[in-house]
């Protein structure tokens, strides 16, 4: 991150009791898309959720705001130990908005405003920003990036759950008629769809045999299957591929560049 010259004619004091200046992106459709720069050299981001189609690059700051469900230029991210992160792992519970620092090549999540009790930010910025940077060439502090990986099943666990799933489907084929699967009424069908979900895999591990499943549970498993087991990990930050390229004289990326 870098900072533009501080314009004394645009500085304010009222909100933070610190001299600051607001930096908004000229092409943004959102009022909460800006940054606030302080005379002390600190910088905060006031953005939260981004539109997946809107990609903003602040060339004066050398940072970019992106969404993980960007269909054209999805960010290519890695863990600090060079493990690649696929797009599906970032969007399992819904898309995430990221701030990518094009200087340090680190990405943090923009979510709810940070609390001083949970994040390494000054107390006077408590609940005032979604990301904080103490100064140029320093790392941003934001919300943890959630990565949801498919779980590698233990063979015995998988065999047990798959047996209950197949047995439930066979039972449903013999016991149910098509009219029993879903209600005919539009209102009842809408309610049925929203209240019924894939059956939790954790509960199936505690069932010793198929006979221990209730008729309603068998029906739910046969209709919707078993919940996909995932392992969720929260990372303080992820990095782009440029993080692993050691080129001290590498020029900064420009606003026109869309290569993460």
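Quick notes on this structure:
- Least to most buried among 203, 216 (fewest other Cβ within 10 Å first): 216, 203
- Taking the centroid of alpha carbons for each part, segment 50-107 and segment 141-172 are 28 Å apart.
- Full extension of the chain between residue 216 and residue 148 yields a length gain of 21.5 nm, computed as 0.36 nm times the residue separation minus the alpha carbon distance.
- Ranking of 100, 232 by count of other Cβ atoms within 10 Å, fewest first: 232, 100
- Exposure proxy ranking, count of Cβ atoms within 10 Å, fewest first, for 245, 161: 245, 161
Only the coordinates and a few stated rules stand behind these numbers; no lab work does. Small disclaimer: the values here were computed from a predicted structure and weren't measured. We place every Cβ from the backbone using ideal geometry, glycine too, and count neighbours over all the protein chains shown.
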